[in-house]
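To keep things clear, I will list the structure first and then write my remarks on it.
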Amino acid sequence: MATEEPLSQGGVSRTPQGRAPAMPGGRSAVGERATWISGVVLSLSAFTDWYAGSGAVGPTIGVIGWHTGTLGKLVFFIGLAVVALVALREAGIELPPSIPESLVVIALGSLSTIFVMIRLISIPDEFLPASGRGIGIWISLLASLAVIGAGLLRASEEL
């Protein structure tokens with residue numbers, strides 16, 4: 001775990017080299033917070049309505065992302081992976097130096113965006129009365145794009 005060294009004789013503390021300061025403040029906190037928030041929103045968006053509609057007779061039907069098949073479940077688990085990545089870093093467990101964390105976040109966000117776009121374009125036939133798109137799929141798309149943006153923000157902080 002990266003902690004500050006005790007004060008030197010000059011009264012100035014030093015942080016370990018190669019590691020940006022953690023969450024308490026500074027520029028790196030923005031990237032970590034953005035990653036954490038977008039990961040939580042992405043995970044929770046799998047439990048919002050992705051499809052909505054009604055037949056000729058009967059109530060309005062809503063289908064949540066979790067029930068849309070494997071892709072909806074994968075979106076949830078990708079969001080959890082993003083949150084776990086941030087939590088592990090805060091716990092002091094980091095990826096090897098050859099694998100930048102920002103690159104992993106960008107890859108997870110890109111994968112999630114592809115999965116949401118597939119479900120946005122192609123509505124499965126089993127949900128035909130619910131042939132409209134609900135607000136949840138748009139939230140999932142925005143959260144996926146926010147994960148990519150958070151990864152890019154973290155990459156700019158690493159430079």
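The values are calculated or read from the model by the stated rules, or taken from the named source; none is laboratory data. This one's a predicted model, so the numbers in the text were calculated from it and none came from an experiment. Cβ: placed from backbone, ideal geometry, glycine included. Neighbour counts: every protein chain shown.
Summary table
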{"read-out": "Matching residues, region 54-81, being aliphatic (A, V, I, L, M) and farther than 25 Å from L103 by Cβ", "value": "A56, V57, I61, V63, I64"}
{"read-out": "Which numbered condition S45 misses (of (1) touching a Ser or Thr at 6+ places or on another chain (Cβ under 6 Å); (2) more than 18 Å from S112 (Cβ to Cβ))", "value": "(2)"}
{"read-out": "In region 115-135, residue surrounded by the fewest Cβ atoms within 10 Å (Cβ to Cβ) [restricted to those that are among the small types (G, A, S) and assigned to a loop (DSSP other than H, G, I, E, B)]", "value": "S122"}
{"read-out": "Count of region 83-109 residues which are on the phi < 0 side of the Ramachandran plot and surrounded by fewer than 16 Cβ atoms within 10 Å (Cβ to Cβ)", "value": "15"}
{"read-out": "Positions within region 100-127 being within 20 Å of L44 (Cα to Cα) and either touching a Cys at 6+ places or on another chain (Cβ under 7 Å) or among the polar types (S, T, N, Q) (or both), in sequence order", "value": "S110, S112, T113"}
{"read-out": "Selection within region 44-84 - in contact with a Gly (Cβ under 8 Å, 6 or more places away or on another chain), more than 16 Å from I148 (Cβ to Cβ), in contact (Cβ under 8 Å) with a residue 24 or more places away in the chain and in a helix (DSSP H, G or I)", "value": "L44, G65, G72, F76, L80"}
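Conditions tested, residue by residue: (1) more than 27 Å from P129 (Cβ to Cβ); (2) at pLDDT 90 or above; (3) of a type in the set (G, A, S).
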{"site": "S13", "(1), (2), (3)": "yes, no, yes"}
{"site": "P21", "(1), (2), (3)": "yes, no, no"}
{"site": "W36", "(1), (2), (3)": "yes, yes, no"}
{"site": "A56", "(1), (2), (3)": "no, no, yes"}
{"site": "A84", "(1), (2), (3)": "yes, yes, yes"}
{"site": "I106", "(1), (2), (3)": "yes, yes, no"}
